[in-house]
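Reviewing the structure listed below.
Values in this text are rule-based calculations from the coordinates and carry no lab data. In this text the structure is predicted, and so the values were computed from the model without any measurement. When we count neighbours, we look across all protein chains shown, and the Cβ atoms used for this are built from the backbone with ideal geometry, even at glycine.
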Amino acid sequence: MLYKINENIQFLMKKFNLVSLLLVGLPSLLLAYTFYKSEIVWQGKLFEYYFQYYIFSTTLLCLSFLSFFLNNAIKKNILIILFSTLIGSYIVEGIFLFKSKNKWGTDPKDDPYIDFKIDELKKKNIEYNLKNKFEFYVEQKKLINNIVVTVPPKNYLSENYELFPLSGVSNSKTINCNESGFYSEYISDRYGFNNPDYEWNNKEIEYLIIGDSFAHGACVNRPDDIASQLREISGSSVINLGYGGNGTLLEFATLKEYFEIRKFKNVIWIFYPNDFGSYNAEIKNKILKKYIENPNYSQELHLRQNEIDLIAREMIEKKTKGMNIEKKIYFHDILKFLKLYNVRRIIQKRESIINYNIFETIKLAEKFAKKNSANFYFVYIPNVNELKKNYNSNYYNKTLDYLLKNKINVIDIKNFINSFDKPNSFYPFEIYKTGDHFSENGYKLISNKIYNEIKKLRIN
């Protein structure tokens with residue numbers, strides 16, 4: 001009897017060895033982490049996204065049990081393959097991490113079409129500015145004392161200031177971005193936004209623009225941005241509160257902070273699909289969350305511009321000093337690295353997680369506008385993938401479905417651009433790639449479309 005038990009124990013120990021336990025343990029941990037993220041962190045709201053990980057980890061777990069019936073040589077080979085793949089994946093992820101941290105601001109030399117663009121400008125005897133944003137800033141700072149660069153509010157997501165700025169430095173010449181061979185610039189208004197300051201002298205303002213870089217006016221000068229174009233077309237006052245890098249929660253916070261300063265008749269909400277990715281980072285910020293959780297929350301930023309200017313200038317100084325060294329790596333960067341964020345995006349070829357709370361925030365913005373007697377217009381700006389034939393965008397479909405169901409006024413720029421024989425004519429040098437903004441001609445066409453659609457919606 002004792003001999004039989006001992007024999008069984010030895011058999012089990014032989015079968016359930018360390019390698020097999022490791023092969024079972026890893027997918028078990030992945031399954032547990034998937035459950036934690038899906039059901040505890042996101043409370044089942046992103047199950048559609050995490051479903052793929054449930055399938056993957058469960059399948060891997062089932063297959064791993066087969067290892068108990070394989071000999072040690074085969075199991076060791078499997079482990080070698082798995083760990084080699086894992087190490088290779090982390091090397092690729094590391095390249096993404098350090099490449100994204102080399103400099104703050106865009107560098108024209110990284111543009112894959114730069115040689116073509118330079119040749120095109122040479123034909124017109126125009127020189128292409130190849131300096132990166134901060135090299136250009138340092139050069140200009142020697143000539144103009146009161147010059148700054150844009151400081152996107154998203155840069156404060158990883159900071160620990162008591163105040164969360166939603167704009168840049170006020171009353172200053174501000175360098176924005178370069179996609180057409182020159183750096184766009186503007187004189188910021190009293191609150192650090194891209195407006196002629198005198199626009200704030202109007203007690204009633206016809207149009208308020210909220211959004212990201214497309215609303216901000218990247219990478220053109222006045223009067224080629226949307227706000228300036230609307231002023232010219234309509235003959236009315238326009239205030240632009242857009243800022244590059246903003247996502248939906250930052251935009252909602254901006255709306256609530258600055259709406260009380262003047263009476264606005266129409267809110268134009270410029271939306272770009274990368275807002276889905278931005279929202280997941282913004283919602284984790286304790287200050288930004290308060291704008292949703294507390295209807296009356298405000299930092300009273302319009303009364304604290306001196307503080308905002310100091311913080312923004314401090315950020316510029318910090319980034320300027322470090323422009324030729326690696327950018328600081330934050331805890332969330334390490335987490336993205338450990339979770340192979342970029343590698344998974346490449347393999348999946350998926351769009352960012354659709355957090356459906358983003359739609360609720362848009363609805364809150366619309367309700368806020370209506371409560372304050374303003375019309376609300378949602379403008380969908382497509383990314384370049386959505387302009388490709390037969391490209392089925394989950395972003396676009398889900399967003400328009402929600403807007404139509406909730407009877408929110410929508411102006412569809414995706415179909416508008418695709419109605420042209422050459423959609424690329426909206427972009428600088430008639431090239432459109434991920435991350436690019438409109439040319440002067442593109443902004444003009446878009447602005448006219450927005451104005452005409454608002455007129456139609458008012459009539460209806």
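In this structure, the amide hydrogen of GLY242, modeled 1.01 Å from its nitrogen in the peptide plane, lies closer than 5 angstrom to those of GLY211, counting only residues at least 5 positions away or on a different chain. Pairwise Cα separations in segment 245-290 fall into 5 Å bins from 0 onward with the following percentages, short to long: 5, 20, 28, 21, 15, 9, 1. With a Förster radius of 22 Å applied to the C-beta separation of GLU360 and TYR297, the computed FRET efficiency comes to 0.85. Report the residues of segment 178-193 in range of a label on ARG262: point 7 Å along Cα→C-beta, backbone N strictly under 20 Å from it. Residues passing the 20 Å test: 186-193. Taking amide H as placed 1.01 Å from N in the peptide plane, the amide H of VAL410 sits under 5 Å from that of PHE378, each at least 5 places away or on another chain. The H on the amide N of ASN375, modeled in the peptide plane, is under 5 Å from the matching H of ASN266, VAL267, each at least 5 residues off or on a different chain.
The LEU404 and ASN201 beta-carbon pair, evaluated with R₀ = 30 Å, returns a calculated FRET efficiency of approximately 0.20.
Remark: C-alpha extents of segment 115-164 on the principal axes read 51, 26, 13 Å, sorted largest to smallest. Put a dot 7 Å past the Cα of LEU86, heading toward its Cβ, do the same for ILE287, and the two dots end up 3.9 nm apart. Each residue of segment 204-209 is assigned a 3J(HN,Hα), and the resulting list reads 10, 10, 5, 10, 10, 9 Hz, derived from the Karplus form 6.51 cos²θ - 1.76 cosθ + 1.60 (θ = phi - 60°), x at Gly and Pro.
For the pair segment 261-308 / segment 426-460, the C-alpha centres are spaced 24 Å from each other. Computed from the C-beta positions of ILE55 and LYS389 and an R0 of 45 Å, the FRET efficiency is 0.90 to the nearest 0.05. For segment 260-302, backbone nitrogen atoms closer than 16 Å to the point 7 Å from GLU162 Cα along Cα-to-C-beta are found at 287, 298-301.
Applying the Karplus relation 6.51 cos²θ - 1.76 cosθ + 1.60 with θ = phi - 60° to segment 410-426 yields 3J(HN,Hα) values of 10, 10, 8, 7, 4, 5, 5, 5, 6, 6, 8, 5, 10, x, 5, 5, 7 Hz, where x marks Gly and Pro. Sequentially through segment 435-447, phi angles give Karplus couplings (6.51, -1.76, 1.60; θ = phi - 60°) of x, 7, 9, 7, 7, 4, 5, x, 4, 5, 5, 5, 4 Hz, Gly and Pro residues having no value and appearing as x.
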